[in-house]
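Shown next, in structure tokens, is the structure this report addresses.
Every number in this text was worked out from the coordinates using simple rules, so none of it is lab data. On a predicted model such as this, the values are computed, not experimentally measured, just so you know. Cβ: placed from backbone, ideal geometry, glycine included. Neighbour counts: every protein chain shown.
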Amino acid sequence: MKAAVLFESNKPMPITELDQSEPKTGEVRVKMLAAGVCASDHHVMTGDNPTPMPIVLGHEGAGIVDAVGPGVTMVKKGDRCVLSFVPSCGHCRSCRTGLSNICDTNRETGTRQYDGTYRLYTSDGTEVHQFAKLGVFAESVVIPQQACYPMPDDVPMEVAALIGCSVTTGIGGVINQPNMRTGMTVAVIGVGGVGLNALQGAALMNASRVIAVDIHDHKLEFAYKFGATDVINASDQDAVAAIQEMTGDGVDFAFDTFGHKLTTQQAYKATRKGGTTVIVGLAPDGMNAEIPLVELVRNQKTLVGSYYGSASPHETFRKILDFYRQGRIDVGGMVTRRYKLDEINLAYEALERAEDGRGVIVFD
Ligand SMILES: [Zn+2]
Ligand SMILES: [Zn+2]
């Protein structure tokens, strides 16, 4: 089985032949068909998100189940699946309280499978980690059955792959906010893969104003296709002042989909009295933001994090697949570049250049 393996940060990932164990109890093997090129993998490559190595990256993927281990009941061989990068255990405290997107067991076991062991080895026997238990930059993955969400035949694989991360994180992070109501004003700071989907989420919620903020004009132009009603280039104007001017006193909901103290502070300042700031993007490990505490209290703002759509990933997948099949969201239009697995390093160079839309690895 071939996979792109990261042995060291800030080095290219060589395509490497790995030994892959058979699926154990409750696990399945999925032949990969499409994998998205997401910035979260890039944070590992650069060392911003320190992660054990060697590791196979890739956490946004879709494929077809081609082998099942003992005791698998949720999927069967031949099922086409969206893969969840949080394969919820179902019995930890977070899962029991409805937050299976932040499953405790998944977090504790991290890049190993649920029994704490590995399924991938180099030719000299070194254990290889799977990012988010997946590691989809590989011809196949052995993963928990809970990572698989079977989907209808009419959904293209590259669409399914994107639903596995950016679409669910962006749309779910908006539509699953409990205080979101029709006609609210929304700003989205950062319109990469997740940001474009946050715009679509705001459109699904009938926001009266959907303001996209970025530092690249070409990305803002692209954002109009996904529901932006107004755009602001924060490199040539003060984004907070511009949002306040457009809305009178700030937006009801501001989303930071980039993840940095500067964008979080912007989102917070652009949020109106009684409004909500949602942080969706992951900042570099250890970074803190400065939030004016008196203002937080007196203006009764809410500051909240959102991970993987804020709710059960499988339940958000269900909603998104319905929206997609009804033509209410555009997912295919985000895919602007396609690569083979052995072009993975080129795919990440395009991401570094901040090109529009999303790259997808398409497997034979
Ligand atoms: Zn759990
Ligand atoms: Zn991702």
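What distance in nm separates the simple spin-label points at R318 and K11, each placed 7 Å from Cα in the Cβ direction?
4.5
Write down, largest first, the equivalent ellipsoid semi-axes of region 152-280 in whole Å, where each equals the square root of 5 times an eigenvalue of the alpha-carbon gyration tensor. Can you show the working numbers first?
Details: eigenvalues 110, 51, 32 Å².
Output for region 152-280: semi-axes of 23, 16, 13 Å.
Using the scaling law 2.2 N^0.38 Å as the reference, what is the normalised Cα Rg of region 218-364?
On the way: Rg = 17.8 Å, N = 147, 2.2 N^0.38 = 14.7 Å.
That works out to 1.22 for region 218-364.
I want the local charge near D356. Using Cβ-Cβ distances under 13 Å, sum +1 for each Lys or Arg and -1 for each Asp or Glu among the other residues. Each step should come with its number before you reach the end.
On the way: positive: K219, K225, R337, R353, R358; negative: D214, D217, E221, E355.
Neighbour charge sum, excluding D356 itself: +1.
Count neighbours as other Cβ atoms within 10 Å of each site's Cβ, and list the GluC sites (Glu not before Pro) in region 276-329 that are DSSP loop with at most 14 such neighbours.
Of the GluC sites (Glu not before Pro), the ones in loops of region 276-329 whose Cβ has at most 14 other Cβ atoms within 10 Å are E290.
Considering only the other residues whose Cβ falls under 14 Å of the Cβ of C148, what net charge follows from Lys and Arg at +1 and Asp and Glu at -1? If you can, show how the numbers build up before the last one.
Values: positive: R29, K31, K76, K77, R80, K133, R318; negative: E27, D66, D79.
That works out to +4.
How much net charge surrounds I163 when only other residues with a Cβ under 13 Å from its Cβ are counted (Lys, Arg +1; Asp, Glu -1)?
Working: positive: R80, R318, K319, R325, R358; negative: E60, E158, E315, D322, D330.
Taking every other residue near I163 into account, the sum is 0.
Between region 283-323 and region 112-189, what's the alpha-carbon centroid distance in Å?
Cα centroid to Cα centroid, the span is 18 Å.
From Cα pairs below 8 angstrom and at least 6 apart in sequence, can you work out the relative contact order of region 319-364, rounded to a whole percent? Don't jump to the answer; show the numbers that get you there.
Values: 35 pairs, mean separation 19.5, N = 46.
Here the relative contact order equals 42 percent.
Set the Förster distance to 41 Å, then compute FRET efficiency between E355 and N299 from the Cβ-Cβ distance, nearest 0.05.
Working: r = 38 Å, r/R0 = 0.93.
Efficiency at R0 = 41 Å is approximately 0.60.
Please state the equivalent ellipsoid semi-axes for the chain: what are the square roots of 5 times the Cα gyration tensor eigenvalues, largest first, in whole Å?
Numbers: eigenvalues 237, 86, 77 Å².
Semi-axes, largest first: 34, 21, 20 Å.
Going down the list K225/K319; K11/K261; K2/K133; K31/K76; K2/K340, which pairs span over 23 Å between their C-alpha atoms? Can you show the working numbers first?
On the way: K225/K319 21 Å; K11/K261 27 Å; K2/K133 17 Å; K31/K76 13 Å; K2/K340 12 Å.
Pairs exceeding 23 Å: K11/K261.
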